[in-house]
Amino acid sequence: MKRYGILIFAFVVVLSIVLSGSYALAGDGIGFIDLRKIMIQSKAGKTASLEFRKAVEKDKVVIQEREAELKKLKEELEKQRLILKPDAVKEKELDYQRKFRDYQRMVKDSNEELKLKDRELSRRLIPEILKVVNAIGEKENYTMILDVNTQGLAYHSGKNDITEKVVEKFDRSYGDKK
């Protein structure tokens, strides 16, 4: 039983050495991109970012108005607390709490809506970017092209970073689709 364990361990070690050697030989065939950078620097990414910022600003204005309304209501409640009857104070407190819960729901809904919008914009751009990456990979005979933001990529020299090339080609293809 121990013998099989040793053989399996030896096989795994030999296999990992062979595979790491073949990756070392294919080093020139590996390209790197920074997908986040492409989404930020490309024309389509800038347009999507502007669209997203407008949505954020619109929601921000509504939220700030509601916050000001709640603050004013709370201040009025504190001022009137001593002059109002306990039932009236309780009613105003319940009204404030109801409006505060509505405000919290509105903020939560707004945040969820913005997350969905962000995902939708990414979902729309990423496939188009990947088409450009694939075209470059095929044309220039890359073995693989990796995103530098992926988990597990600890280092890359930047030597085969094609991010700028992808941004340029993506901008051209984006301009053609408009």
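Laid out as a table, the results:
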{"quantity": "Solvent-accessible ranking of VAL133, VAL107, VAL62, largest area first, probe 1.4 Å", "calculated": "VAL62, VAL107, VAL133"}
{"quantity": "Only Lys, Arg (+1) and Asp, Glu (-1) charged, at Cβ; the stretch 57-178 dipole about Cα centre in debye", "calculated": "300 debye"}
{"quantity": "Evaluated over the stretch 101-178, the Cα radius of gyration and Dmax, each in Å", "calculated": "17.8, 58"}
{"quantity": "Per residue value of the accessible surface for the stretch 94-178 (all protein chains in place, 1.4 Å probe), Å²", "calculated": "71 Å²"}
{"quantity": "Alpha-carbon radius of gyration plus Dmax, which is the widest Cα pair, for the stretch 88-144 in Å", "calculated": "23.9, 77"}
{"quantity": "Share of carbon and sulfur in the accessible heavy-atom surface of the stretch 112-178 [1.4 Å probe, %]", "calculated": "50 percent"}
{"quantity": "Of every Cα-Cα pair in the stretch 135-178, the percent that sits beyond 11 Å", "calculated": "73 percent"}
{"quantity": "Fraction in percent of alpha-carbon pairs per bin - 10 Å, the stretch 43-152", "calculated": "12, 25, 20, 16, 12, 9, 5, 2, 0"}
{"quantity": "Summed residue charge, Cβ within 12 Å of LYS108's Cβ, Lys/Arg positive, Asp/Glu negative", "calculated": "-2"}
{"quantity": "Given charges at beta-carbon only (K, R positive; D, E negative), |dipole| of the stretch 72-143 in Debye", "calculated": "260 debye"}
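The values are calculated or read from the model by the stated rules, or taken from the named source; none is laboratory data. None of these values were measured; they are calculated from a predicted model. With ideal geometry, Cβ positions are generated from the backbone for all residues, glycine too; neighbour counts draw on all protein chains shown. For accessibility, only protein heavy atoms count, side chains too; no ligands or nucleic acids. Shrake-Rupley method; radii C 1.70, N 1.55, O 1.52, S 1.80 Å.
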